[in-house]
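Student: Let me begin by handing over the structure; questions about it come next.
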């Protein structure tokens, strides 16, 4: 199986494309059909993001994919992120403004009778003046019947410009999708039929005819309200996708590198692994790397969701997109381009927003047949009114109203816009929702299974407790050693050791500002500890220093003092590691080292209990350690299982699934099988790639409270999706009959259609 997966990874790649011209789920279906016709291509098109996420064989170029989309009647380009969105907003804004300039006079003249008459009088006087003073003919100009009033022709002239020129992209899309009709088909037919009828009615006008039967304002107003709706919808969608836009903004365009004794600014694309680059205060870190010079604090909020500054110094790792708060640092590039953590997070967000939830798949299937059904209903409406002897004008008006009101765009946007907002909000909090299905599954969780190391705990050995005795033989002043000297001895010896316990002690002492001195005769014995002679800085004398397990130190020293014994027993009860410090055969201190519980773990467990979710701890660690950690964070003792193998974890999850829905939270390779089997899975971002690849959700923020946030966002998202879908179905069920009954003007239908889509977008923005 693993071999097969590797073959797929080698032979395929991910391509993200921006798409313009989509208006509804029917458009989505047309594009997906065109892309999926290409052998080996799997495509998911997102209406809300106006993008396509494509898995394509290596022999299929991006140009091939773009050509397939263009052939379907839409325009595709390489994914440009926020810049593409801004450019589209500008284009839509300009087109809307020009449309408004021509549509507003149409609406005012058609709807205000006094204005209509005034313009007629003015135009007739102007024509009369033109004939008398410019043509030389001293006669009164008179319009013979059958000709509509002059203002009517002015309105039609303005409407022609709006419908045929400003709305040409709509008509073009409709023409290219004759076989697979979309929303553009409905709008195009509605506006053209209205305009055609208005021209015919004006040309055959009779003085006794009611001017309202011409409906000159309908065609232009339909186009205006559609464009207004699309513009407002697009602006709202830009806000919905702001989290992703912010990720794109974090990328640097240029970087200042240190080379040949000087600094040189180069494009980020030219940066190579191993290059040393400069990061000044206030700058964003250009790429992932390791600090080689300097000290500063950085803001990793994009990565962790927390704005708390993090101190970094030489040898510390930093990540692209982080902000340098203060101090100049030099960084050696370790990962560039698509390999950076920022690029990885961006890809995960893009993939998640491009994938379709089950609810969206259902909505897409409905939308694909909805437009053809509406076309049939419109024809039936026209025939019914015409056969009923209500006149052709009334028949056309009712049919056009059905066409315009029944736009399925709200249905198409109901789910993807909510998912886009949800995944964006989650990303800001350090939560990457890899699959939209996870949002729906989160509502049904009954049990949460935790791994211990790296999940409930930090996964790193730290110094938890330190007990120092200045004189184990109080009756002998010669054996007294100051606390500062004891710390100096410990740091000097442990600095030469690479054991995790030594690293924990060394890190803690260095953080306290302890200094170290020269060491000789250093010796490391596996499973025992270290020994060395520490040279005293004030004399030529030296001390024999031992640091190791209690058992090994006991063999080399006098009897432990009661304080030392008590400290060792306490550490053993807590299932932590113990290192004893001995100097010249006397035990002076105890270092308790262990895996530290994350500060928020207990709070997260309590919140899960309040939500009615059972919590379980299943770990490969010892029973003593498991019970100690589990009990401290609030997991019942009978829900704690130790010494579990990966197979044991898998079986445990399977058994729980017999009575409920299981959430598995882990970070290691040993958790991957259980993560893949569970109903909903969460991997810690600090864990292995195997665990993250198998999980539905990845927590970049290292806190377990992110689990609670992920569940809350999921619940809110599902509620919003349900309300969006409910509104979309109600809108079409309620308004199509009203339009068919002749009680809805096409102009108002266009406005209602635009507002329905806008409602869905604005409702989705309530997800927090």
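Student: Pop a pseudo-label 7 angstrom from the Cα along the beta-carbon direction at both residue 544 and residue 293 and give the gap in nm to one decimal.
Tutor: 4.6
Student: Percent of alpha carbon pairs in the range 549-604 separated by more than 15 Å? Could the numbers behind the result be given before it?
Tutor: Values: 766 of 1540 pairs.
Cα-Cα pairs in the range 549-604 separated by more than 15 Å: 50 percent.
Student: Follow-up question, since we're still on this one. Quick check: the distance between the Cα centres of the range 711-746 and the range 366-405, to the nearest angstrom?
Tutor: After rounding, the separation between the Cα centres reads 21 Å.
Student: How big is D, in µm² s⁻¹, for the range 439-580 by Stokes-Einstein at 20 °C and 1.002 mPa s if Rh is the Kirkwood radius over C-alpha pairs?
Tutor: 124
We did not get these values from a lab; they are worked out from the coordinates using the rules stated. Every value quoted in this text rests on a predicted model; they were computed, and no experiment measured them. Virtual Cβ from ideal backbone geometry, glycine too; neighbours counted across all protein chains shown.
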